[in-house]
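The values are calculated or read from the model by the stated rules, or taken from the named source; none is laboratory data. Since the structure is predicted, the reported quantities are computational estimates derived from the model, not experimental observations. Cβ atoms come from the backbone with ideal geometry, glycine included; neighbour counts cover every protein chain shown. Heads up: the accessible areas ignore ligands, DNA and RNA and are worked out on the full protein's heavy atoms, side chains in. Shrake-Rupley method; radii C 1.70, N 1.55, O 1.52, S 1.80 Å.
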Amino acid sequence: SSGINAECPLRPGFAARLCTRVSVARPLIQPLASVQPVFAVRTFQTTPKVLDESFEQAAKFIGAGCATVGVAGSGAGIGTVFGSLVEGYARNPSLKTQLFSYCVLGFALSEAMGLFCLMIAFMILFAL
């Protein structure tokens, strides 16, 4: 073992012992048939198709639920619009026709936002 340590350019100690172990464990000339691959081959671990479909269905339900939250905002907006109509009419009854036209416009815009949210929810559930 001292001959191998003498060939190693490293100083005696841990590195020299490492050098001797490597040189003893693997000779410099190996036949091609005994060469082992250096890197291990990894395969991808995939989930079964049934689990993939159930995860996709769960994600659709979660997305549709998040999209329908806007419908509640639409309901709150419609309630605020008609509440403001009643309050404005009570304060100044002479502006009845102008207040009602603003009320219909506010109702239409608020309802449109709710319908857009509902349409997105149905698209998530049935079109994707």
Filter the range 85-101 for residues that are surrounded by 12 or more Cβ atoms within 10 Å (Cβ to Cβ) and either in contact (Cβ under 8 Å) with a residue 12 or more places away in the chain or of a type in the set (A, V, I, L, M, F, W, C) (or both); the one that is nearest to THR68 (Cα to Cα) is LEU85
| task | Answer with yes or no whether THR43 is hydroxyl-bearing (Ser, Thr, Tyr), modelled with pLDDT under 95, open to solvent by less than 100 Å² (accessible area, probe 1.4 Å) and assigned to a loop (DSSP other than H, G, I, E, B). | result | no
Selection over the range 59-74 where residues are closer than 19 Å to ALA108 by Cα, touching a residue at least 24 places away in the same chain (Cβ under 8 Å) and either exposed (fewer than 13 other Cβ atoms within 10 Å of the Cβ) or among the aliphatic types (A, V, I, L, M) (or both) yields a count of 2
